[in-house]
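The values are calculated or read from the model by the stated rules, or taken from the named source; none is laboratory data. Note that the structure is a prediction, hence the values are computed from the model and not measured. Virtual Cβ from ideal backbone geometry, glycine too; neighbours counted across all protein chains shown. Please note that ligands, DNA and RNA were not included when accessible areas were found on the heavy atoms of the full protein model with its side chains. Shrake-Rupley method; radii C 1.70, N 1.55, O 1.52, S 1.80 Å.
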Amino acid sequence: MNPTQTLYSTGGSSPASSQAAHPSSLFPQINRCRTMRDLSQIHAVFVKSGQMRDTLAAAEILRFCATSDLLHRDLDYAHKIFNQMPQRNCFSWNTIIRGFSESDEDRAVIAIALFCEMMKDEFVEPNRFTFPSVLKACAKTGKVEEGKQIHGLALKLGLGGDEFVMSNLVRMYVICGLMKDACVLFYKNIIERDMVIDRRKRDGEVVLWNVMIDGYMRLGDCKAARMLFDKMRQRSVVSWNTMISGYSKNGSFKDAVELFCEMKKVVDIRPNYVTLVSVLPAISRIGSLELGEWLHLDAENNGIEIDDVLGSALIDMYSKCGIIEKAVQVFERLPRKNVITWSAMINGFAIHGQAGDAIDCFCKMRQVGVRPSDVAYINLLTACSHAGLVEEGRRYFSQMVNVDGLEPRIEHYGCMVDLLGRSGLLEEAEEFILNMPIKPDDVIWKALLGACRMHGNVEMGKRVANILMDMVPNDSGAYVALSNMYASQGNWSEVSEMRLRMKEMDIRKDPGCSWIDIDGVLHEFLVEDDSHPRAKEINLMLVEISEKLRLAGYRPITTQVLLNLEEEDKENALHYHSEKIAVAFGLISTSPAKPIRIVKNLRICEDCHSSIKLISKVYKRKITVRDRKRFHHFQDGSCSCMDYW
């Protein structure tokens, strides 16, 4: 029998329901409905004419209410219709269960209750279309025990070999965090089954593999996910998207980009909208501008709509790759702008130190009637912090609470502490933290500690560092910052004490790391890194840079070297910071007029900042460095941050 006939004829249906024609073709007036108001009028006509006694007519009214476009659904209306139906066939039960399972968590619980009610109906038996919806509801609500019982029932009804039922069972176990149960099902239905299967079942297998890969990615086990991905005999675009998205969400940005580049080479797979949204954050993080530009052009050439979500991702990519002008172009060309796109643009201006443009953008957003979100305020306060706009920051923080009625999040308090601390208002920043209505986290205390280091307040720095050592004892940040403060004072005994404590607790400092993209290839450099194939040429360029800077009157800022060394050794140590190595590589790898763009994982140090300013003048190059906090655009011996960072 045709599956569509089975779907509509199972259990207690009228003779009409066994027809092959799809019910919607029997009731064209329902098909023409565009809103619930249209449907309610037809419903009234059906009630008056007695057509609602026809199981198919009632089922079609129910289908429109429960499963049409989410904007036009009315589950309360659907539930009333369902309760008034004189005869409910399997299609009606499946429709109402599906409607509630696709809604929010509170309503998804109703889907499970409806399934239990269905089981009491002696004239109806659940079929292969029932289980995916009720299992989706179990996954959404975390009702794993109910899910296990439904699993047993599916096996009892002979659906253990149905790929759609099985894929939803696996998904339910995955989402509920029971990967062991998911693995048992997966291996039983895929790995151990070594036989020729038709195309439809092969597609079902791919779905199962994708669900398992997603499960491992949810747990942060990228290695297990990749092992499964590599074993797949057939992959869909969803398989690639799941891996790329998983890598991005787990911080494996380079892996995400490399896998996307592999995907581009596959003949029968084309990146789609989801691919773009998944890989763009990774491209943004590693600063791979060339790849981001290719992706943008490819989307336009293949008719992929650049909506608010994709548009925001492109704005973020261009901003974080150092091309704020292109971010503005994308923003201005968007057909529709919402608070997400406005926030992305404000953040772009903020990280580039263009506080005035960020504030103007925020004001324009309000003028066009878009209400600021908490994220928009975080980005605006960040802009104020990077520019030292203390009064403006205070005003916007107050406006957020008193005008827009938003409750400050921990990130907003962090922005204010950073703003006050950078501006040297350390006592006010500490008082602000102590008076916060929510408990400060380590990020907030780190912001104050960074300010203490910046302004040389060792006494407060010790106090804040001790708080952090109690709060996050295995985090290197507090130990390193306090050690740096002692070193800047020449207090080497205290530096040795801090380093000894770190060694005893096996706490390691994050190594400085810089990336540079040359012709689409990402090159990575660590401190004192000589592992690159062109290391000899890089070292020669570093020597040349050092000599040219010396002739230009530059003297290394050796207070940045936090080791008890002779002055000459300190100067040598400064030559091999990762960003300087990346700059040297950029100079030998690009044409004389080409800008150099570098991404660094940590805050740029004072000596590197001063050195690169002079390098930009001596070599007549525009050099852009994106550090952990913001952008630095070096040109003609100056930096866009105006030495405030």
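Considering only segment 369-397, how many residues are assigned to a helix (DSSP H, G or I) and either open to solvent by 50 Å² or more (accessible area, probe 1.4 Å) or of a type in the set (Val, Ile, Thr) (or both)?
8
Under the condition of being in contact (Cβ under 8 Å) with a residue 12 or more places away in the chain and farther than 9 Å from Met243 by Cβ, which residue from segment 215-230 is most open to solvent (accessible area, probe 1.4 Å)? Talk me through it step by step, then tell me what you get.
Quick first cut of segment 215-230, residues in contact (Cβ under 8 Å) with a residue 12 or more places away in the chain only: 215-220, 222, 225-226, 228-229.
Those left that are additionally farther than 9 Å from Met243 by Cβ: 215-216, 218-220, 228.
Details: Gly215: 1, Tyr216: 39, Arg218: 143, Leu219: 108, Gly220: 39, Leu228: 12 Å².
Top of the filtered list is Arg218.
Looking at Arg550, Arg499, Arg555, Arg534, which one is in contact with a helix residue (DSSP H, G or I) (Cβ under 8 Å, 6 or more places away or on another chain) and outside the structural domain of Glu431 (by the TED database)?
Values: Arg550 fails: in contact with a helix residue (DSSP H, G or I) (Cβ under 8 Å, 6 or more places away or on another chain); Arg499 fails: outside the structural domain of Glu431 (by the TED database); Arg555 fails: in contact with a helix residue (DSSP H, G or I) (Cβ under 8 Å, 6 or more places away or on another chain).
Just one listed residue meets the conditions, Arg534.
Can you pull out the residues in segment 588-619 that are open to solvent by 20 Å² or more (accessible area, probe 1.4 Å) and either among the β-branched types (Val, Ile, Thr) or over 19 Å from Cys641 (Cα atoms) (or both)?
The answer is Ile588, Ser589, Thr590, Ser591, Pro592, Ala593, Lys594, Val618, Tyr619.
I'm trying to understand the selection: among the residues of segment 502-526, which are closer than 14 Å to Ile598 by Cβ and of a type outside the set (Asp, Glu)? Working first, answer last.
So the first thing to find is which residues in segment 502-526 are closer than 14 Å to Ile598 by Cβ, and the list is 512-518, 522-526.
Gly512, Cys513, Ser514, Trp515, Ile516, Ile518, Leu522, His523, Phe525, Leu526, listed by residue number.
To keep it simple, each residue is scored yes or no on (1) closer than 20 Å to Cys605 by Cα; (2) open to solvent by less than 80 Å² (accessible area, probe 1.4 Å); (3) in contact with a Cys (Cβ under 6 Å, 6 or more places away or on another chain).
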{"position": "Asn484", "(1), (2), (3)": "yes, yes, no"}
{"position": "Asp530", "(1), (2), (3)": "no, no, no"}
{"position": "Arg534", "(1), (2), (3)": "no, yes, no"}
{"position": "Leu549", "(1), (2), (3)": "yes, yes, no"}
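For segment 486-528, which positions are open to solvent by 80 Å² or more (accessible area, probe 1.4 Å) and assigned to a helix (DSSP H, G or I)?
Result: Ser493, Glu497, Arg499, Leu500, Arg501, Lys503, Glu504.
Scan segment 315-330 and tell me whether some residue there is over 25 Å from Cys639 (Cβ atoms), out of contact with any His (no Cβ under 6 Å at 6 or more places or on another chain) and not small (Gly, Ala, Ser). Quick ask: steps written out before the conclusion?
The first filter runs over segment 315-330 and keeps only residues over 25 Å from Cys639 (Cβ atoms), leaving 330.
Now drop any that are not out of contact with any His (no Cβ under 6 Å at 6 or more places or on another chain), which leaves 330.
Adding the requirement that they be not small (Gly, Ala, Ser) leaves 330.
Checking segment 315-330: at least one residue is over 25 Å from Cys639 (Cβ atoms), out of contact with any His (no Cβ under 6 Å at 6 or more places or on another chain) and not small (Gly, Ala, Ser).
Might you let me know whether segment 436-455 holds any residue that is within 22 Å of Ala387 (Cα to Cα), part of a loop (DSSP other than H, G, I, E, B) and not polar (S, T, N, Q)? Outline the logic, then answer.
Start the filter on segment 436-455 by keeping residues that are within 22 Å of Ala387 (Cα to Cα), which leaves 443-455.
This time we only want the ones that are part of a loop (DSSP other than H, G, I, E, B), so: none.
Taking every residue of segment 436-455 in turn, none turns out to be within 22 Å of Ala387 (Cα to Cα), part of a loop (DSSP other than H, G, I, E, B) and not polar (S, T, N, Q).
Take the residues in segment 122-148 that are among the charged types (D, E, K, R) and within 19 Å of Arg63 (Cβ to Cβ), then tell me which one is least open to solvent (accessible area, probe 1.4 Å).
Within segment 122-148, the first condition is being among the charged types (D, E, K, R), and the residues that meet it are 122, 125, 128, 136, 140, 143, 145-146, 148.
Those still in the list that are within 19 Å of Arg63 (Cβ to Cβ) too: 128, 136.
Details: Arg128: 69, Lys136: 88 Å².
Among those that are among the charged types (D, E, K, R) and within 19 Å of Arg63 (Cβ to Cβ), it is Arg128.
Exactly one condition in (1) at pLDDT below 70; (2) open to solvent by less than 50 Å² (accessible area, probe 1.4 Å); (3) under 41 Å from the mean Cα position of the chain (by Cα) is not met by Ser68; state its number.
(1)
This table checks each residue for (1) in a loop (DSSP other than H, G, I, E, B); (2) at pLDDT 95 or above; (3) touching a Gly at 6+ places or on another chain (Cβ under 6 Å).
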| position | (1), (2), (3) |
| --- | --- |
| Ser103 | yes, no, no |
| Val124 | yes, no, yes |
| Ile150 | no, yes, no |
| Val165 | no, no, no |
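When residues of segment 414-435 are filtered for being within 24 Å of Pro473 (Cβ to Cβ) and open to solvent by 20 Å² or more (accessible area, probe 1.4 Å), how many remain?
3
Hey, among Lys446, Lys439, which residue is surrounded by 15 or more Cβ atoms within 10 Å (Cβ to Cβ) and within 15 Å of Leu468 (Cβ to Cβ)? I'd like the intermediate steps shown before the answer.
Details: Lys439 fails: surrounded by 15 or more Cβ atoms within 10 Å (Cβ to Cβ).
Just a single option satisfies the conditions, and that option is Lys446.
Just name the residue that is surrounded by the fewest Cβ atoms within 10 Å (Cβ to Cβ) out of those in segment 249-297 that are among the β-branched types (Val, Ile, Thr) and under 15 Å from the mean Cα position of the chain (by Cα). Before the answer, list the steps.
Start the filter on segment 249-297 by keeping residues that are among the β-branched types (Val, Ile, Thr), which leaves 257, 266-267, 269, 274-275, 277, 279, 283, 286.
In the following step, the residues that additionally are under 15 Å from the mean Cα position of the chain (by Cα) were identified as 257, 274-275, 277, 279, 283, 286.
Details: Val257: 23, Val274: 16, Thr275: 23, Val277: 19, Val279: 30, Ile283: 29, Ile286: 20.
Per the criteria, the residue is Val274.
Which one of Ala350, Ala344 is open to solvent by less than 10 Å² (accessible area, probe 1.4 Å), over 21 Å from Thr242 (Cα atoms) and at pLDDT 95 or above? Explain how you work it out, then say what you get.
Working: Ala344 fails: open to solvent by less than 10 Å² (accessible area, probe 1.4 Å).
None of the others qualify; the one that does is Ala350.
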